[in-house]
Amino acid sequence: MKRACQLRYRALHAQDVALNHRKGSLRKSFGMSIEQYNDMFSTQAGRCAICGKHQSEMKSRIAVDHDHATGKVRQLLCTWCNARLATIENRAFHDKAEAYLARHASIKLAEAAN
């Protein structure tokens, strides 16, 4: 019975439940309020701080970027830029990726010379 009541409540108050979940997620993950997020969103005019893509052009919500070492929130980024930034920050991966690309560039150059 309790589960049925919870499901009914969530169905009737879906927007409130989603907002409360969002608030909790922002607080837990980044130590920020929904108001702080909204202020950042407004300051950035709803755009990714790296590529400038607007939220309306994205399938998912613009992401909060933060420094994993310090936990400090930086700015809001689209999912694409946020994921790429994570690979750049991972220096070991970045070095291996550059070596991989260089290896394949030299193979292309050798094939073109033949």
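The values are calculated or read from the model by the stated rules, or taken from the named source; none is laboratory data. Predicted, not measured: the structure shown is a model, and the values here were computed from it. Note that we place each Cβ from the backbone using ideal geometry, even for glycine, and neighbour counts take in every protein chain shown. Surface areas here come from the heavy atoms of the whole protein model, side chains and all, with no ligands, DNA or RNA. Shrake-Rupley method; radii C 1.70, N 1.55, O 1.52, S 1.80 Å.
Overview of results
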item: Over the chain: helical MRE at 222 nm, DSSP H runs n ≥ 4 each giving -39500 (n - 2.57), nearest 500; result: -20500 deg cm²/dmol
item: Accessible carbon and sulfur surface of region 4-79 relative to its total accessible area, %, 1.4 Å; result: 52
item: Cross-link pairs beyond the 22 Å C-alpha cut-off, checked among Lys23/Lys53; Lys28/Lys96; Lys28/Lys72; result: Lys23/Lys53; Lys28/Lys96
item: Where labels lie 7 Å past Cα in the beta-carbon direction, separation of Met1 and Lys72 in nm; result: 5.5
item: Simple Cβ-charge dipole of the chain, Lys/Arg +1 and Asp/Glu -1, about Cα centre, in debye nearest 20; result: 640
item: Heavy-atom accessible area per residue - the chain, 1.4 Å, Å²; result: 77
item: Local electrostatic count, Met32, Cβ distance below 13 Å [Lys/Arg +1, Asp/Glu -1]; result: +3
item: The chain - Rg over Rh from alpha carbon coordinates, Kirkwood radius; result: 1.20
